[in-house]
Amino acid sequence: GMIDDIDITGTDMSSGGNDNGHGYCRADDVVYDTVCVGTSKDYKVPLVIYGSSWDWVFYPNGTVGSLDSTLVNGPIDSMVTVEWYNQPGDYQFEATEIRPPYNTDSYSIMYNIHVLPAPNVLLAVDSVCEGDNATLTFQFTGTGPWNISYTDGSTTYSSVFSNANPSVVLPAYTSSKTITVTALSDASGCNYAGGAFPSVQVVVFPTPSTGP
């Protein structure tokens with residue numbers, strides 16, 4: 001049999017203004033994704049057309065991330081790596097197909113990206129006398145609960161906290177120690193992305209001598 005009377009009602013395909021003048025109309029796709037700040041991720045064109053090249057651009061500008069179009073998979077520039085900076089929020093970038101022989105814009109993909117904040121933590125600790133227990137206090141940002149690991153140089157501790165301002169009692173040290181965070185993640189699956197991990201020093205005062 002034969003098929004006729006095909007009616008395309010999509011706004012992109014049915015609009016006469018979208019006809020590129022060479023026998024086919026522009027069609028568009030939309031991709032949604034959620035990422036953490038400070039991460040690098042590959043994005044690939046879902047419909048790869050052999051021989052076409054691709055133009056990638058941020059909206060409204062490129063200050064929130066960096067497009068690396070040197071990573072190529074298949075037809076020219078059909079995949080890029082995006083390095084997301086430390087600016088959470090909602091952003092868009094677009095890939096537009098440039099199709100030969102007329103180099104027309106015939107297909108585009110709009111990527112809508114929700115960038116989650118990375119967790120962070122501030123440390124505070126009191127000074128103590130030799131043999132006394134210091135209290136270490138955490139101040140978290142991000143989405144709890146938080147998974148944290150920290151070390152005093154000899155022992156590594158791992159904890160999960162739902163409270164954004166928890167405290168723990170440290171061992172009774174005989175000399176000053178430095179407490180350093182070694183890992184931090186939150187409920188969103190994002191990891192610490194602030195460079196060097198936070199640290200704090202536990203100052204231990206020696207016990208006064210009573211003399212000979």
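The values are calculated or read from the model by the stated rules, or taken from the named source; none is laboratory data. Given the structure is predicted, the values throughout are model-derived calculations rather than measurements. Every residue, glycine among them, receives a Cβ derived from its backbone with ideal geometry; neighbour counts consider all protein chains shown. Only protein heavy atoms, including side chains, enter the accessible area calculation; ligands, DNA and RNA are left aside. Shrake-Rupley method; radii C 1.70, N 1.55, O 1.52, S 1.80 Å.
Residue ranges 162-173, 88-99, 37-48 sort as 88-99, 37-48, 162-173 when ordered by packing (mean number of other C-beta atoms within 10 Å per residue, highest first).
A 1.4 Å probe run over the range 92-212, with the rest of the protein chains in place, finds 50 Å² accessible per residue. Which of the three applies to the range 125-212, rounded, prolate or oblate, going by the alpha-carbon gyration tensor with a ≥ b ≥ c and a/c under 1.5 meaning rounded? Prolate, because a/c is 1.5 or more and a/b exceeds b/c.
Entry note, the range 159-208: relative contact order of 42 percent, from Cα contacts under 8 Å with a spacing of 6+ residues.
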